[in-house]
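Enquirer: Could you have a look at this structure, given as structure tokens, before my questions?
The values are calculated or read from the model by the stated rules, or taken from the named source; none is laboratory data. Small disclaimer: the values here were computed from a predicted structure and weren't measured. Reconstructed Cβ throughout: ideal geometry from the backbone, glycine too, with neighbour counts over all protein chains shown.
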């Protein structure tokens, strides 16, 4: 139907999350309508993006510096840490405009079937953060309501219970089971955050 090079470009766009066949086709065909300069600028920005973004050395969120903007923000509460699976969840929480604590990105969840163990996650740095922060603290575990998310939550709970000065909470079960945090609207997420429970 299409020349091979266009088919390959469509296949490349389909690798983006949420991009299906039709949208990938429209994007690839849109590239054909762009000027050479626009295409070169797009390619250049994508390469810059890939080469510039790193993980924050404190929380694991994406940044183009040693620390992300959230960790740099002195107005945010260091004593409340929301533990999430990935940077998409951080962005989603930020859109609620109601959370003023810090984050910690695990970069995954425990999944034996996929060969992902606790050692593969960003957990040791969370423990170090908690040890270095004085005073009482709250850790909000905000992982997706799945078997893997629940397994990770229980694992974290077991580890964190060793700290006397930490209150452990989780998001309210008002979040529908099986729905990923990335796909929740801000109001639902905000309500779940307000109605978090001790675990």
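Enquirer: In this structure, does residue 180 turn out to be within 18 Å of the chain's Cα centre (by Cα) and modelled with pLDDT under 75?
Expert: Answer is yes for this residue.
Enquirer: Between residues in the range 120-131 that are assigned by TED's automatic domain parsing to the domain that holds residue 82 and residues that are assigned to a loop (DSSP other than H, G, I, E, B) and buried (at least 18 other Cβ atoms within 10 Å of the Cβ), which pairs lie under 6 Å by C-beta distance while being six or more apart or on different chains?
Expert: Correct list of pairs: 121/106; 122/60; 122/106.
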